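What follows is a short report on a single structure.
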Amino acid sequence: MGEAPQVLYVNGFSKFCHETQHSNHVNGILHNSNNHHDQFSRFGLDNQQKNGSNNGNYDSLWYEEVIDDDLKWSFKLNRVLHKGVSKYQDIALLDTKRFGKALMIDGKMQSAESDEFIYHECLIHPSLLCHPNPKKVFIMGGGEGSAAREALRHKSMDKVVMCDIDQEVVDFCRKYLTVNRETFYHRKLDLVINDAKAELEKRKEKYDVIVGDLADPLEDGPCYQLYTKSFYEKILKPKLNDHGIFVTQAGPAGIFTHKEVFTSIYNTIKQVFKYVMVYSAHVPSFADTWGWVMASDEPLSIGAEEMDKRIKARINGELLYLNGAWFQSAATMNKTVSLSLKNETHVYTEENARFIPGHGVAFRF
């Protein structure tokens with residue numbers, strides 16, 4: 001028989017460097033074939049792991065993401081590149097065998113090197129292509145820089161504001177996610193460290209497109225209030241220009257998961273904007289279909305041929321995933337999801353929020 005696998009049990013790493021074996025939280029512990037519990041330091045593997053003891057063998061190291069109480073999704077690793085804990089979130093950068101470098105926040109996959117283009121092209125380009133002439137974009141969250149990278153590919157763009165609450169996440173991504181290194185130093189990028197709600201409230205300028213590139217709404221997480229009706233209605237919508245468009249990631253939209261938050265986010269936005277549409281795509285590293293909601297007080301319809309023309313005329317470089325025909329099909333939900341969207345009655349409020357399974361870092365305090 002082969003060596004028993006080491007499993008890194010996580011739903012966010014522990015903030016504490018020397019968590020005991022009998023702690024209620026086993027996050028951040030390696031279980032090896034000798035039943036030893038190899039601890040992680042705050043910023044990576046301990047010295048024995050780094051220096052190649054355990055025979056320098058990482059073939060049995062796995063990262064385990066909790067999808068739900070009865071479902072886990074495991075990634076075989078080459079190594080742990082970096083980990084840390086900020087005031088708001090657990091952060092880890094993993095080198096996975098299947099998906100390349102992967103960024104994890106609070107134990108949840110945020111993006112992976114091999115397929116992040118799917119998520120970020122879907123998040124950014126449809127709204128900018130539906131807009132007649134987008135010049136200013138405000139991104140809520142987006143600390144890794146990929147959403148800003150895609151927005152800055154539009155030739156019409158004058159300014160992209162990226163507002164993330166977590167300085168450590170931004171610094172982490174700027175240092176370790178080399179694919180976005182140029183984005184962080186782009187002359188049209190205005191990088192702000194602040195709560196997006198507070199930042200939008202104090203700014204006088206308006207935007208053509210506002211993007212929600214936020215973490216999923218987690219209980220005890222830092223951003224679930226940015227999915228509420230009061231936020232959309234009182235703070236976000238007044239900051240849109242005429243013809244302005246709002247788009248947000250809206251969580252899992254799969255046949256078994258779409259009722260977690262996707263339908264609720266859609267129904268909440270529908271209370272605030274005149275025209276609201278949803279679309280979805282399968283993201284392999286998320287192990288699910290993912291959903292987005294786009295909204296405006298102007299019609300959002302755009303034909304496949306017109307979208308392809310705008311992609312060619314407006315965007316620098318080739319898109320890898322998005323084209324007009326795909327977008328039309330992506331906006332058509334299957335029968336089950338369509339009925340759930342139609343029948344959803346829940347409206348997101350601060351007092352009556354929905355969450356995906358898991359907890360933010362505040363859960364441990």
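Round to the nearest 0.05 the FRET efficiency obtained for Glu351 and Leu320 when R0 = 35 Å and r is the Cβ-Cβ distance.
Working: r = 41 Å, r/R0 = 1.18.
Efficiency, rounded to the nearest 0.05: 0.25.
Under a 5 Å amide H to amide H cut-off, with H placed in plane at 1.01 Å, what residues pair with Tyr348 once short-range neighbours are removed? HN-HN under 5 Å from Tyr348: Lys229, Thr268. Compared with the alpha-carbon gap, the fully stretched path from Gln328 to Ala287 is longer by 12.5 nm at 0.36 nm per residue.
Write down the accessible area per residue of the range 156-209 in Å², having rolled a 1.4 Å probe over the full set of protein chains. Let's see the in-between values first.
On the way: 2740 Å² over 54 residues.
For the range 156-209, the solvent-accessible area averages 51 Å² per residue.
Here the peptides 167-174, 338-345, 188-195, 80-87 are ranked by packing, the mean other Cβ count within 10 Å, and the order with the highest first is 167-174, 80-87, 188-195, 338-345.
Rg ratio for the range 66-163: its Cα radius of gyration over 2.2 N^0.38 Å, N being its residue count, equals 1.26.
For Lys229, list the aspartates and glutamates whose Cα falls under 12 Å from its own Cα; do not include residues on the same chain fewer than 8 positions away. List returned: Glu350, Glu351.
Model label sites at Asp171 and His82, defined 7 Å from Cα along the beta-carbon direction, differ in position by 1.0 nm.
Spacing of the modelled spin labels on Glu306 and His186, each 7 Å from Cα toward Cβ, amounts to 2.5 nm.
At a 1.4 Å probe radius, carbon and sulfur cover how many percent of the accessible area of the range 155-244?
Working: 1790 of 4130 Å².
In the range 155-244, the share of accessible area belonging to carbon and sulfur is 43 percent.
A crude spin-label estimate for the pair Asp69 and Lys234, with each label 7 Å from Cα along the Cβ direction, gives 3.4 nm. Between Arg79 and Asp95, the built amide H atoms are under 5 Å apart, and every one of these is 5 or more places off in sequence or on another chain. Can you give the FRET efficiency to the nearest 0.05 for Thr178 and Glu219, using r as the Cβ-Cβ distance and R₀ = 30 Å? Between Thr178 and Glu219 the formula returns 0.35. Stokes-Einstein diffusion for the range 223-345, with the hydrodynamic radius set to the Kirkwood value over Cα pairs and evaluated at 4 °C in a medium of 1.567 mPa s, equals 84 µm²/s. Residues whose amide H lies under 5 Å from that of Trp290, counting only those 5 or more places away or on a different chain, are Ala253, Ala281, His282, Val283; hydrogens are built 1.01 Å from N in the peptide plane. Each residue of the range 97-114 was assigned a 3J(HN,Hα) from its phi angle through the Karplus curve 6.51 cos²θ - 1.76 cosθ + 1.60 (θ = phi - 60°); the sequence is 6, 7, 10, x, 5, 9, 9, 10, 10, 6, x, 10, 4, 9, 6, 10, 3, 6 Hz, with glycine and proline shown as x. Taking all Cα-Cα distances within the range 275-319, those exceeding 12 Å account for 72%.
Per residue, the range 71-153 exposes an accessible area of 27 Å² to a 1.4 Å probe, with every protein chain left in place.
The values are calculated or read from the model by the stated rules, or taken from the named source; none is laboratory data. Remember, predicted model here, so these are calculated numbers, not experimental data. Positions of Cβ are generated from backbone atoms using ideal geometry, with glycine treated the same way; all protein chains shown enter the neighbour counts. Side chains included, ligands, DNA and RNA excluded: accessible areas come from the protein's heavy atoms. Shrake-Rupley method; radii C 1.70, N 1.55, O 1.52, S 1.80 Å.
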